[in-house]
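This report refers to the structure that appears directly beneath it.
Readers should treat all values here as calculations from the given coordinates under stated rules, not as data from a laboratory. Note that the structure is a prediction, hence the values are computed from the model and not measured. No Cβ is skipped: glycine too gets one built from the backbone with ideal geometry, and neighbour counts run over all protein chains shown.
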Amino acid sequence: MSTVSDGIDSYISGKKWYWYLPLWLLGLYMYVELFEFNMVKQQMPLIWLVPYSFDFLLHEIAHIVTAFLPAVLTASAGSGSEVLLGTLLIVMAIWQRSYFASLFCFLWFALACDSAGQYMADAVPQRLQLVSLGGALSGQDPLHDWHFVFGQLHLLGASAFIGNSLRAIGFLVGLAGVAFTAWLLYKMAADGHAEARQQHLQDLASKLADMKGQDTQDSLYPEATKGQFVSSPGDTSSENPPLDKR
C-alpha cells in the first residue's frame, strides 16, 4: 500500500486540479446516465452509444473466436469478454499509474456489467430483441445465450438474481471510480496549496536573509559628514586622531 500511496503522491505532484475537473464532471455525467441504459426498452443514452457499440461488437466477435469450444463456453464468451475487457482496462490503468484515466476504465467496466447483467436477468422472460452476428453469417436464428447457459447449468431460477447482482457490482465499481478520482482532485488541490505556502515561506526566508545581510554590512554608527572626523580619500589620520596636549 505504501508503494501505491507513493505512486499517487508522485502522480499528483505539480498537477492542477482545475484542468482535470471537466473530465471528472464528464465521468460523473456518464455514470448517472448509465442508470438510464435499458436493453429491453432499447433505451440507450447518447453518450454511451459509441462505447456500447464497441462492446457489442466485442461480444459478437468473442462468440465467433470461441466457436471451437464447448457450446456453453461459446455462449458465455460474449458477455464474459465484455467484463474481461473492463477488468483489464482497470488493471492496466492502475499498473501504468494513469490514475485519473482509470475513471473511464471503471465506467467501462460498469457498462460491461450492466450489459451482461441485463442479458443474464432476461434468461427466463426473454424480452430482449436478439441480434447475432454469428447467426446472421450462418443463416441461423439468434440464440439467447444465457437461457441456454443457465439451462445447461440448471440455474434458470437464479438467473435474475445473478444478473442483477452483476449489475450492482458494476454500479459499485463505477461509483468507486468516481469517488477515487474525486479524491485525486482533492489531493491535487491540497498539494497546490501546500506548494504555494512553501513558496511563500521560501520568499519570506529569502527576504529576511537579504535584510540580515544588509544590516551586517552597515556600520553601527553613521559616517561623519562634517567636522574634523570627516575622512578624505587617502587620509588615514581620521582613524587615529591626535590627542590635545594642552
Global geometry of region 2-189, whether rounded, prolate or oblate, following the gyration tensor of its Cα atoms and the 1.5 cut on a/c: prolate
For region 39-106: rounded, prolate or oblate by the Cα gyration tensor [a/c cutoff 1.5]: oblate
Burial order of peptide ranges 175-187, 79-91, 34-46 (average beta-carbon count within 10 Å, highest first): 79-91, 175-187, 34-46
Ordering of 141-148, 119-126 by packing [mean C-beta count within 10 Å, highest first]: 119-126, 141-148
Packing-based order for 108-115, 6-13, using average beta carbon neighbours within 10 Å, highest first: 108-115, 6-13
